[in-house]
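Below is one structure; the comments refer to it alone.
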Amino acid sequence: MALAQAPPAKENPNPGKTDPAPNPERARGRGFGGPIVLGEDDKPAFPAPPEGFDKTRADIAHGKLEMVEYDSKSVGTKRKANVYTPPGYSPDTKYPVLYLLHGIGGDEHEWERGGHPEIILDNLIADKKAESMIIVMPNGRASQDDRPGPDAMRTAPAFGEFDKDLLGSLIPFIESKYSVKTDRESRALAGLSMGGGQSLNFGLGNLDTFAWVGGFSSAPNTKPSDQLVPEPDKTAKALKLLWISCGNKDGLIRISQGLHGYLKEKKVPHTWHVDEHNHDFQHWKKALFQFSQMIFKPETK
């Protein structure tokens, strides 16, 4: 769900200092975000992906997408998740799992519609640039009526309850249905916008469950930095990768800038990547392209 164009970026006279988070109502297109002030750290950590990184290639093996249903103990109903299994998936092999979350106006189909993780991963796996992995794309709106409806902002509280569903029902279901590794270093959590905030909140809040965490242009639901990382030394030792990224035309960049500044001050290793995009899938699918190449690899830190 693309948002309105943000005001032009300005250089930040005080790098690392950020304004308060913008009002989420404004962030969904009603005067999106606020003034964008860029600091010296706000630059790409990686070059742009090659042309065709998100295009189907006929000359390679392809994975599979399937919609599954699971019983949610916390919500009290059956819920759906879109699951990608990699090319050559076999029950004789154990795979790591990336849980990939959507934004406030999306659902379990949003990543497939806008970002095509199945295509990006097929291509990366074929080129031996990413590990063969399962990707689970659930509905992050933990309520019995989990459709966004005409006013998606009204469903925001349900996003804050999703950790109970994720940890208590979805992960156990995936681990019972698919041939997956079940140690923390074989689980990653990432998402876009509202899902980016969820990933930071729930991933950093459950270091015994996730070793790889990514927030792509995370939304105002993101907890304050000192609540996300109250024990910097513990977080630094536990995480294999903490990824934060945003576009330099995105009115929500101050949220990610603030977290980057805090992590830098506390000496917590992380990746901070800023490209030229707005709050849209141009950024999110490119972030996934880079993030998925870094996870589940022993050398990443």
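Residues that are in contact with an Asp or Glu (Cβ under 7 Å, 6 or more places away or on another chain) and assigned to a helix (DSSP H, G or I) within segment 119-155 comprise 119, 120, 153, listed in sequence order. If you go through segment 144-169 and keep only what is of a type in the set (D, E, K, R) and either free of Cβ contacts under 8 Å to residues at least 12 places away in the same chain or surrounded by 12 or more Cβ atoms within 10 Å (Cβ to Cβ) (or both), you end up with 145, 146, 151, 154, 161, 163, 164, 165. The set of residues in segment 87-103 being of a type outside the set (Val, Ile, Thr), part of a loop (DSSP other than H, G, I, E, B) and more than 19 Å from the chain's Cα centre (by Cα) consists of 87, 88, 89, 90, 91, 92, 94. Put simply, of 205, 215, 196 the only residue that is of a type in the set (Gly, Ala, Ser) and farther than 14 Å from residue 101 by Cα is 205. Scanning segment 248-301 for residues that are in a loop (DSSP other than H, G, I, E, B), in contact (Cβ under 8 Å) with a residue 60 or more places away in the chain and of a type in the set (Val, Ile, Thr), we see that the one that is surrounded by the most Cβ atoms within 10 Å (Cβ to Cβ) is 295.
On the basis of being surrounded by 24 or more Cβ atoms within 10 Å (Cβ to Cβ), within 23 Å of residue 49 (Cα to Cα), in contact with a Phe, Trp or Tyr (Cβ under 9 Å, 6 or more places away or on another chain) and among the polar types (S, T, N, Q), does residue 217 make the cut? Give the derivation first.
Working: surrounded by 24 or more Cβ atoms within 10 Å (Cβ to Cβ): yes; within 23 Å of residue 49 (Cα to Cα): yes; in contact with a Phe, Trp or Tyr (Cβ under 9 Å, 6 or more places away or on another chain): yes; among the polar types (S, T, N, Q): yes.
Criteria met by residue 217.
Of the set (1) more than 17 Å from residue 83 (Cβ to Cβ); (2) of a type in the set (Asp, Glu); (3) not in a helix (DSSP H, G or I), all apply to residue 163 but (3). Every condition in (1) outside any strand (DSSP E or B); (2) modelled with pLDDT of 95 or more; (3) under 21 Å from residue 291 (Cβ atoms) holds for residue 75 except the one numbered (3).
Within segment 107-117, the set of residues being surrounded by fewer than 24 Cβ atoms within 10 Å (Cβ to Cβ), part of a loop (DSSP other than H, G, I, E, B) and not charged (D, E, K, R) comprises 109, 116. Just checking, does segment 203-224 include any residue being touching an Asp or Glu at 6+ places or on another chain (Cβ under 9 Å), among the polar types (S, T, N, Q), modelled with pLDDT of 95 or more and not in a loop (DSSP other than H, G, I, E, B)? Within segment 203-224, not a single residue is touching an Asp or Glu at 6+ places or on another chain (Cβ under 9 Å), among the polar types (S, T, N, Q), modelled with pLDDT of 95 or more and not in a loop (DSSP other than H, G, I, E, B). Checking residue 172 against (1) out of contact with any helix residue (DSSP H, G or I) (no Cβ under 6 Å at 6 or more places or on another chain); (2) part of a loop (DSSP other than H, G, I, E, B); (3) surrounded by fewer than 20 Cβ atoms within 10 Å (Cβ to Cβ), which single condition isn't satisfied? Here residue 172 meets the rest and fails (2).
In this structure, does residue 98 turn out to be buried (at least 20 other Cβ atoms within 10 Å of the Cβ) and either out of contact with any helix residue (DSSP H, G or I) (no Cβ under 6 Å at 6 or more places or on another chain) or acidic (Asp, Glu) (or both)?
On the way: buried (at least 20 other Cβ atoms within 10 Å of the Cβ): yes; either out of contact with any helix residue (DSSP H, G or I) (no Cβ under 6 Å at 6 or more places or on another chain) or acidic (Asp, Glu) (or both): yes.
Considered against the rule, which asks whether it is buried (at least 20 other Cβ atoms within 10 Å of the Cβ) and either out of contact with any helix residue (DSSP H, G or I) (no Cβ under 6 Å at 6 or more places or on another chain) or acidic (Asp, Glu) (or both), residue 98 comes out as yes.
The values are calculated or read from the model by the stated rules, or taken from the named source; none is laboratory data. Quick caveat: nothing in here was measured; it's all calculated off a predicted structure. Every residue, glycine among them, receives a Cβ derived from its backbone with ideal geometry; neighbour counts consider all protein chains shown.
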